[in-house]
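**Student:** Before we start, here is the structure in question, set down as structure tokens.
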Amino acid sequence: MNRRQFTGHLVGGAAGLALAGTSLTLEGCSAISDLETWVPVGLTAFDGVAAIVDAAFTAVATTVDALWGAVQNAIALYQNSTDPVATKLDKVIATLDALAGGLTQALAALPISIPSAVLTAAKLALALIIATLKSIRNRLQPPAPAPVGLYAGAGASAPATSKKDFVKKFNKIMSDNGQSLRVQ
């Protein structure tokens, strides 16, 4: 069973856990559209980072892939559910928060034993993914003060402003660090 198949089995459980959220107010439906456009690119970028790291990273990557699936599921539920908009938005925000936490753990789990250029590329790419994800999440609903360290390790990467900007920044990180990985 490969990571994608395993992820399919985990998505149901991860979605159930991640979809339990508190009531929040709705701000900006365009963020949902941006999120829907960006998530497949972000997932491809994350899987690419996982592929260039090593086998020790696979367990963390599998868990994070399940969280990406939960976000995709929450977006689909947002678009197709008859629940009140605020309730649907709560679920999307809860999955984004869970994914940001998983990506932060993935960043911390990067093995230092890999080649320096690969480690640098992976750290910068994950920081960009986290910053962009947080930016979209915060457009949906400004967060309450986060516990110290929730996004620690994400670096000072500026979030991408669009899918095109994300692709450009991600590909530059990979190129600058001698990696052939590219996203479209």
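**Student:** Could you calculate the FRET efficiency of D83 with A55 from 1/(1 + (r/R0)^6), where r is the beta carbon distance between them and R0 is 45 Å, rounded to 0.05?
**Tutor:** It comes to 0.65.
**Student:** Follow-up. How far, in nm, would the chain grow between T62 and S113 when pulled straight, counting 0.36 nm per residue and subtracting the alpha carbon separation?
**Tutor:** 16.3 nm
**Student:** May I ask you to evaluate 6.51 cos²θ - 1.76 cosθ + 1.60, the Karplus curve with θ = phi - 60°, for each residue of the range 34-41 and list the ³J(HN,Hα) values in order in whole Hz, giving x for glycine and proline?
**Tutor:** The phi angles translate into 4, 4, 4, 6, 7, 3, x, 5 Hz.
Quick note: the coordinates plus some simple rules give every number you see, no bench work behind them. Just so you know, these numbers come straight off a predicted model, no measurement behind them. As a convention, Cβ positions derive from the backbone with ideal geometry for all residues, glycine included, and neighbour counts pool all protein chains shown.
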